[in-house]
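The values are calculated or read from the model by the stated rules, or taken from the named source; none is laboratory data. The shown structure was predicted, so the numbers you read here are calculated from the model rather than taken from an experiment. In this analysis, Cβ positions are derived from the backbone assuming ideal geometry, glycine residues included, and neighbour counts consider all displayed protein chains. The protein model used for the area step is the full one, side chains on, heavy atoms only, and it has no ligands, DNA or RNA in it. Shrake-Rupley method; radii C 1.70, N 1.55, O 1.52, S 1.80 Å.
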Amino acid sequence: MVDLHSGGGLRASMALKESEAIVLRTYPLREADLLVTLFTRLEGKVRGVARSAKKSKRRFSGALEPLTYVRVYYEDRERQDLARLDSCEVLESPLATEVSYPRAVALGHIAELLDQLLPDREANDAIFRLTLSVLGILQGPDVWMPVTYFELWLTRLVGFLPELSECMVCGQVLNGQRAYFHVLSDGLMCGDDKRLASSEMSPESRALAARMFRAPAETFAGVPWPKALAADLRKFLMQTLQRHIEKKLVTAGMLEKISS
């Protein structure tokens, strides 16, 4: 079909797609354009070009900051991998509240995890809802509970989380028992089967993980959560995720350097 009424003259008319989305990454592309990675509710991870985004306040003003929750309008272009982003409307911005350094790192961590783990053009409403709920409670400088909750549930939803209640070698039930994990292994091991240079995960951290699987993130909001709490669980989750994506996450190292 040919559109005779568009401002750009004759062109093939393509219906714009509309979706809620979370901005993951932006990269400069030519003088005024941006290359944008979005996690859309409609189609999962979508990469597209926002033409003149650095100049257009009407179409993209404030909407392309990482982890901004937006309504995006875009179209796919024939024989091209990148979509064309028409415009974005801000639904919720992380910049609406103060962005401390720990919060900035935590937000970047969520964005990096999603960018690395989500396949292109594969919708995942469970992960989309998880991300929105965690962003809703990641409002201040206390980042460890939201980060722990997000890492735990994301590892489960992408299918990388092993059973935490039994030894991966002998099948022994680990509830209340000492359990160990190794950077090169997928699950937990009992004391008899642990490998050299293993790390220990406490019964308290495993019990906390079980509680997180039974309750929404908001349940834990306001609970005192120092960096030391469930640090062994986060270490296990990061080792698991990095082993599967076969690369180190930049933000994981940055999180470790946060003092409290």
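Assess whether Phe160 counts as being touching a residue at least 24 places away in the same chain (Cβ under 8 Å), assigned to a loop (DSSP other than H, G, I, E, B) and under 19 Å from Thr131 (Cβ atoms).
The answer is yes for Phe160.
Restricting to region 129-157, name every residue that is under 25 Å from Thr40 (Cβ atoms), among the hydrophobic types (A, V, I, L, M, F, W, C) and in a loop (DSSP other than H, G, I, E, B).
From region 129-157, those under 25 Å from Thr40 (Cβ atoms) are 129-139, 146-147, 149-157; that's our starting set.
Those left that are additionally among the hydrophobic types (A, V, I, L, M, F, W, C): 130, 132, 134-135, 137-138, 147, 150, 152-154, 157.
Selection gives Leu138 alone.
May I ask you to verify whether Leu38 is within 20 Å of Ala123 (Cα to Cα), among the hydrophobic types (A, V, I, L, M, F, W, C) and over 18 Å from the mean Cα position of the chain (by Cα)?
The answer is no for Leu38.
Inspect all residues belonging to region 49-65 and state whether any of them is in contact (Cβ under 8 Å) with a residue 60 or more places away in the chain and not hydroxyl-bearing (Ser, Thr, Tyr). Before the answer, list the steps.
Applying the first criterion (in contact (Cβ under 8 Å) with a residue 60 or more places away in the chain) to region 49-65 yields none.
No, the conditions are met nowhere in region 49-65.
So, of the residues in region 43-76 that are acidic (Asp, Glu) and out of contact with any Pro (no Cβ under 9 Å at 6 or more places or on another chain), which turns out to be surrounded by the fewest Cβ atoms within 10 Å (Cβ to Cβ)?
The initial filter retains those residues of region 43-76 that are acidic (Asp, Glu), namely 43, 65, 75-76.
Narrowing further to those that are out of contact with any Pro (no Cβ under 9 Å at 6 or more places or on another chain): 43, 75-76.
Numbers: Glu43: 18, Glu75: 14, Asp76: 16.
The extreme case among them is Glu75.
Can Glu18 be described as at pLDDT 95 or above and open to solvent by less than 50 Å² (accessible area, probe 1.4 Å)?
no
Going by the conditions given, is Ala83 loosely packed, with under 14 Cβ neighbours inside 10 Å and of a type in the set (A, V, I, L, M)?
no
For Gly171, are the conditions met, namely being open to solvent by 10 Å² or more (accessible area, probe 1.4 Å) and on the phi > 0 side of the Ramachandran plot?
yes
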